[in-house]
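Chemist: Have a look at this one before I ask anything.
The values are calculated or read from the model by the stated rules, or taken from the named source; none is laboratory data. None of these values were measured; they are calculated from a predicted model. Here the Cβ positions follow ideal geometry from the backbone for every residue, glycine too, while neighbour counts run over all protein chains shown. Ligands, DNA and RNA are excluded from the accessible area calculation, which covers all protein heavy atoms including side chains. Shrake-Rupley method; radii C 1.70, N 1.55, O 1.52, S 1.80 Å.
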Amino acid sequence: MMDLGALGWALAVFAAVMVGLSKGGVPMATSISVPVLAIVMDPIAAAGLLLPVYIIADMFGLWAYRKHYDRRVLAILIPSATFGIGIGWATAEIVPERWVTLMVGVIGAVFAVNALFRHRHGARQEARVAPGLFWGTIAGITSFVSHSGAPPYQAYTIPLNLPKQVFAGTATILFSYVNLAKLGPYIALGEVSWDSIGTALILAIPASASVFLGVWLVKRMPTEIFFKVVIWVLLLISLKLIQQALMN
């Protein structure tokens, strides 16, 4: 069991709730989890602590969205994200984390600003392979480094005009796979250890309960508001990532 102290436990529980909300489909909630925990611990340690929490919460998210996903998008993104995870693992000790953080922040901010000035159309679009391979690879890399795969995923999927539950469910299924694929490399790199497992199991309780709150919120949030929230939160998180990278 990790000794987090009162503030550390409060922040850890908050981060776990954000993980659960994200698995329930609330946009970008998961991007807050690692930065919040980074207040009281090293960001890499925070990512390692939260990975088992993600995996356990994923089980509930998969059940909730088992009927809501886009098969073609997953067929494109899963292989490319796997390739990205491999790149992240191979370069984990070479590429500074802040470079990847900066890249994610810039990509997310540029996309969000562009989306704010573009009207969303109702017709669905077919997922194209080439952009999907690019964004999927980036999502795999950034998810491996700091669980920040959501901005690249959204950069690819928002223009497809997926229904909100399909959008949320596809993300849940994709990152459930990604998180499980990261477990072996994380253990090999020493980022997940027996010292953190006990703490992670406790944090999985509020995370799992929050999944259903996230599903409830997504079902009741109007579609236009849902995607406006997605875009604005993407912009705010991206700006935070840029600031974090530049200050480090």
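Chemist: Towards the positive end of the charge dipole of the range 122-248, with charges on Cβ (+1 Lys, Arg; -1 Asp, Glu), say which of ILE225, TYR177, ILE242 has the farthest Cα.
Modeler: Working it through, the farthest residue towards the positive pole turns out to be ILE225.
Chemist: Then there is this: Provide, for the chain, the number of lysine pairs with alpha carbons under 15 Å apart, each pair being eight or more places apart or on different chains. Let's see the in-between values first.
Modeler: Numbers: LYS23/LYS67; LYS23/LYS164; LYS23/LYS219; LYS67/LYS164; LYS67/LYS219; LYS164/LYS219; LYS164/LYS228.
Count of close lysine pairs: 7.
Chemist: Pull out a ≥ b ≥ c, the square roots of the eigenvalues of the alpha-carbon gyration tensor of the range 31-101, then state rounded if a/c is under 1.5, prolate if not and a/b is larger than b/c, and oblate in the remaining case. Before the final figure, lay out the partial values.
Modeler: Values: a/c = 2.68, a/b = 1.34, b/c = 2.01.
The shape class here is oblate.
Chemist: Could I ask something else about it? By accessible area of protein heavy atoms, probe 1.4 Å, what ranking do HIS68, HIS147 get, highest first?
Modeler: On the way: HIS68 60, HIS147 10 Å².
Sorted descending by solvent-accessible area, the residues read HIS68, HIS147.
Chemist: With each run of n ≥ 4 DSSP H residues scored as -39500 (n - 2.57), what mean residue ellipticity at 222 nm is computed for the chain after dividing by its residue count and rounding to the nearest 500 deg cm²/dmol? Write down the numbers at each step before the final one.
Modeler: Numbers: 10 runs with 189 residues, N = 248.
Taken over the chain, the calculation gives -26000 deg cm²/dmol.
Chemist: Ok, one more. Kindly report the accessible area of the chain per residue (heavy atoms of protein chains, probe 1.4 Å, no ligands, DNA or RNA), in Å². Can you show the working numbers first?
Modeler: Values: 11340 Å² over 248 residues.
Here the residues of the chain average 46 Å² of exposed surface.
Chemist: Taking a ≥ b ≥ c as the square roots of the Cα gyration tensor eigenvalues, with a/c under 1.5 meaning rounded and otherwise prolate when a/b beats b/c, else oblate, which class fits the range 106-248?
Modeler: Taking the square roots of the gyration eigenvalues as a ≥ b ≥ c, the range 106-248 is prolate.
Chemist: Another question, if that's okay. Compare GLU93, GLU126, GLU191, GLU224 by solvent-accessible area with a 1.4 Å probe and give them largest first, with all protein chains kept in place. All intermediate terms of the calculation are to be shown ahead of the outcome.
Modeler: Numbers: GLU93 165, GLU126 135, GLU191 45, GLU224 100 Å².
Per-residue accessible area, sorted high to low, gives GLU93, GLU126, GLU224, GLU191.
Chemist: Now for a different question. Which ³J(HN,Hα) values in Hz, rounded to whole numbers, follow from the phi angles of the range 188-200 under the Karplus curve 6.51 cos²θ - 1.76 cosθ + 1.60, where θ = phi - 60° and Gly and Pro get x?
Modeler: Working through the residues one at a time gives 4, 7, x, 7, 10, 9, 5, 5, 9, 5, x, 5, 4 Hz.
Chemist: Pairs of alpha-carbon atoms within less than 8 angstrom and 6+ residues apart define the contacts here; what relative contact order does the chain have, in percent?
Modeler: Working: 386 pairs, mean separation 97.8, N = 248.
So the answer I get is 39 percent.
Chemist: Something else: Toward the positive end of the charge dipole of the range 1-88, about the Cα centre and with charges on Cβ (Lys, Arg +1; Asp, Glu -1), which of GLY86, GLY48, MET59 goes farthest?
Modeler: The residue sitting most towards the positive pole is MET59.
Chemist: Please list, in order along the range 5-11, the HN-Hα scalar couplings obtained from phi with the Karplus expression 6.51 cos²θ - 1.76 cosθ + 1.60 (θ = phi - 60°), rounded to whole Hz, x for Gly and Pro.
Modeler: x, 4, 5, x, 5, 4, 5
Chemist: Still on this model: On the protein heavy atoms, probe 1.4 angstrom, tell me the percent of accessible surface of the range 170-248 carried by carbon and sulfur. If you can, show how the numbers build up before the last one.
Modeler: On the way: 2880 of 3980 Å².
Answer for the range 170-248 is 72 percent, counting heavy atoms of protein chains only.
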